[in-house]
Amino acid sequence: MTLAIPHARAVSDAVPPVLGAGLAVPLVDGRSVPYANLDHAASAPCLRAVRDAVDELLPWYASVHRGAGLASQVSTRVYEHARTVVREFVGARRTDAVVFTRNTTDALNLLARALPKGTSVVVFDTDHHAALLPWRGRLVRRISTVAALDAALRSCPTGPRLVVVTGASNVTGELWPVSEVVSVARGHGARVVLDAAQLAPHRPVDIRALDVDYVVLSGHKLYAPFGVGALVGRADWLRAAAPYLAGGGATSQVHDDLSVTWAVGVERHEAGTPNVVGAHALAVACATIADWGWDAIIAHERALLARLRAGLAGVPGVRQLSLFGAERSADRVAVVSFAVDGQDPGLLAAALSAEHGIGVRDGAFCAHVATRRLLATAGAAGTRALRASIGLGTTEEHVDRLVAALHTLVADGPRWTYELVDGRWTPTPDPRPLPPFLGGDA
């Protein structure tokens with residue numbers, strides 16, 4: 001008895017529909033416009049199919065594992081079925097473990113805790129902090145290029161080795177040459193973990209085809225914003241490691257002296273009441289995307305990305321950031337970061353929101369080392385940039401509105417007044433009403 005994963009699609013939809021596509025947001029001048037969400041790289045909106053599946057599950061929601069009630073049995077089957085769906089989505093091996101976590105950051109920290117004693121870790125310092133920071137306290141080699149990987153692995157002492165690589169940069173969207181990384185790693189007997197947080201929503205991920213040992217991903221970037229991620233990969237290090245958290249669910253037996261026999265399977269690292277709703281949401285998102293097919297999704301995003309990059313190229317002073325330069329710049333997911341000469345990115349982001357109804361990200365994108373280096377390489381001042389990221393809910397009008405708004409802001413500046421409040425530019429005054437669930441009258 002497992003709740004069905006929905007596969008229905010609307011004939012008119014080219015890509016799976018998301019919630020919020022018709023959201024109207026107020027502007028500071030009193031008008032309302034459709035929201036142009038160009039911040040998918042931070043968190044993607046919820047798929048409509050995910051919302052519907054969660055609504056279907058909630059009346060049945062109960063404790064998982066060991067519950068005798070029918071609702072508990074249903075929830076348990078839903079939770080365990082989600083492992084199967086996620087396993088299939090990433091092309092995992094039959095023997096691979098699928099551990100549900102809170103997100104990619106949590107998954108990588110779990111793996112870091114599970115590394116055998118003496119493991120050397122090689123990281124690329126241009127990665128997201130989630131991939132860069134969990135290994136502190138280990139023997140870490142930091143490198144900047146794939147060309148430096150062979151020497152870094154040669155310098156590692158005898159013992160287990162792990163290479164951490166990001167599938168797609170959350171700063172520039174560029175795809176990392178994972179096959180090259182794996183080839184070098186295998187020559188030194190090293191394992192590879194792929195951070196697929198930014199890759200999985202835009203491209204198929206296949207553990208066996210890529211020949212990586214672990215994949216980590218986040219539901220909130222994969223159109224399932226219900227607080228779940230996953231670590232998928234080889235089970236031996238996870239079985240041998242101490243539990244990630246100590247508590248109920250991770251135990252096989254707790255003795256009178258409080259000594260513990262820990263669970264052997266994935267439950268060993270899933271202490272506490274698991275997020276069955278989040279796991280189901282992630283599974284439905286994976287199944288929906290797989291059912292829809294990648295061709296339509298990739299075509300949708302590539303067309304909009306080309307439109308966005310061409311439009312930005314025509315805005316005076318815009319400098320687009322790139323990790324690899326022209327030789328690989330065409331191979332990327334739908335993320336673009338850029339600086340604008342003489343413009344504060346935080347003020348531009350605030351004005352784009354308040355005056356044009358556009359959501360973008362400004363800052364260093366939890367990749368401070370990469371962003372500083374890329375800005376310097378592009379000849380841009382400062383340590384922060386703007387990022388526009390495209391997803392299933394993005395339209396040509398959203399892209400065109402951003403480009404037109406940037407032209408206006410660069411030529412004439414903001415029409416409203418702004419001030420720094422706690423380090424963020426804020427419209428002053430800000431007459432935009434809050435939505436009703438926050439006590440507003442929007």
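No lab work stands behind these numbers, since they all come straight from the coordinates. These numbers come from a predicted model, not from an experiment. As a convention, Cβ positions derive from the backbone with ideal geometry for all residues, glycine included, and neighbour counts pool all protein chains shown.
What order, most packed first, do the peptides 88-97, 206-215, 276-285 have when packing is the mean number of other Cβ atoms within 10 Å of each residue? It would help to have the intermediate numbers written out before the result.
Numbers: 88-97: 17.2, 206-215: 19.6, 276-285: 27.4.
Going by the mean number of other Cβ atoms within 10 Å, highest first, we get 276-285, 206-215, 88-97.
Can you give me the relative contact order of segment 168-274 as a percent, contacts being Cα pairs under 8 Å and 6 or more apart?
Working: 136 pairs, mean separation 17.6, N = 107.
The value is 16 percent.
Taking square-rooted eigenvalues a ≥ b ≥ c of the alpha carbon gyration tensor, is the chain rounded, prolate or oblate, where a/c under 1.5 means rounded and, failing that, a/b exceeding b/c means prolate? List each step's numbers first, then the result.
Numbers: a/c = 1.88, a/b = 1.29, b/c = 1.45.
Oblate, since a/c reaches 1.5 and b/c is not below a/b.
Taking a ≥ b ≥ c as the square roots of the Cα gyration tensor eigenvalues, with a/c under 1.5 meaning rounded and otherwise prolate when a/b beats b/c, else oblate, which class fits segment 51-291?
Values: a/c = 2.36, a/b = 1.39, b/c = 1.70.
Cα axes put segment 51-291 in the oblate bin.
Which value, in debye to the nearest 20, describes the size of the charge dipole of the chain about its Cα centre when Lys and Arg Cβ atoms bear +1, Asp and Glu Cβ atoms bear -1, and nothing else is charged?
On the way: 42 positive and 41 negative charges, 247 e Å.
For this selection, approximately 1180 debye.
Run the dipole for segment 1-139 about the Cα centre, Lys and Arg Cβ at +1, Asp and Glu Cβ at -1, nothing else charged, and hand back the magnitude in debye, nearest 20. Mind showing how you got there, number by number?
Working: 15 positive and 12 negative charges, 128 e Å.
Rounded to the nearest 20 debye, it is 620 debye.
Place +1 on the Cβ of every Lys and Arg and -1 on the Cβ of every Asp and Glu in segment 200-339, take the dipole about the Cα centre, and give the residue among Ala306, Val335, Ser252 whose Cα lies farthest towards its positive end.
Going by the Cα projections, it comes out as Ala306.
When only Cα pairs under 8 Å and 6 or more residues apart are kept, what is the percent relative contact order across segment 51-291? Walk me through the intermediate numbers first.
Values: 459 pairs, mean separation 61.3, N = 241.
The value is 25 percent.
Cβ neighbours within 10 Å, averaged per peptide: list 141-154, 222-235 in order, most packed at the top.
Values: 141-154: 15.6, 222-235: 24.9.
Descending packing order for the listed peptides: 222-235, 141-154.
Relative contact order (percent) for the chain, with alpha-carbon contacts under 8 angstrom and 6 or more residues of separation?
22
Between beta-carbons, use under 14 Å as the cut-off and find the net charge around Asp96, counting Lys and Arg +1, Asp and Glu -1.
Details: positive: Arg83, Arg87, Arg93, Arg94, Arg191, Arg208, Arg234, Arg239; negative: Glu88, Asp206, Asp211, Asp213, Asp236.
Taking every Cβ under 14 Å from that of Asp96, the sum is +3.
Cβ neighbours within 10 Å, averaged per peptide: list 416-424, 103-111 in order, most packed at the top. Numbers along the way, then the final one.
Working: 416-424: 11.6, 103-111: 24.0.
Per-residue Cβ counts within 10 Å, averaged per peptide and sorted highest first, yield 103-111, 416-424.
Report the charge-dipole magnitude of segment 51-291 in Debye, nearest 20, computed about the Cα centre from +1 at each Lys and Arg Cβ and -1 at each Asp and Glu Cβ.
Numbers: 24 positive and 22 negative charges, 132 e Å.
The dipole of segment 51-291 has a size of about 640 debye.
Along the charge dipole of segment 1-153, Cβ charges K/R +1 and D/E -1, which of Leu139, Thr101, Thr84 sits furthest on the positive end?
Looking along the dipole axis, the top candidate is Leu139.
Determine the percent antiparallel among the DSSP beta bridges restricted to the chain, to the nearest 5. Could you put the intermediate results ahead of the total?
Numbers: 33 of 53 bridges.
DSSP beta bridges in the chain are roughly 60 percent antiparallel.
Of Val399, Ala197, Pro431, which is farthest on the positive side of the dipole of the chain, counting Cα position, with +1 on Lys and Arg Cβ, -1 on Asp and Glu Cβ, and the Cα centre as origin?
Ala197
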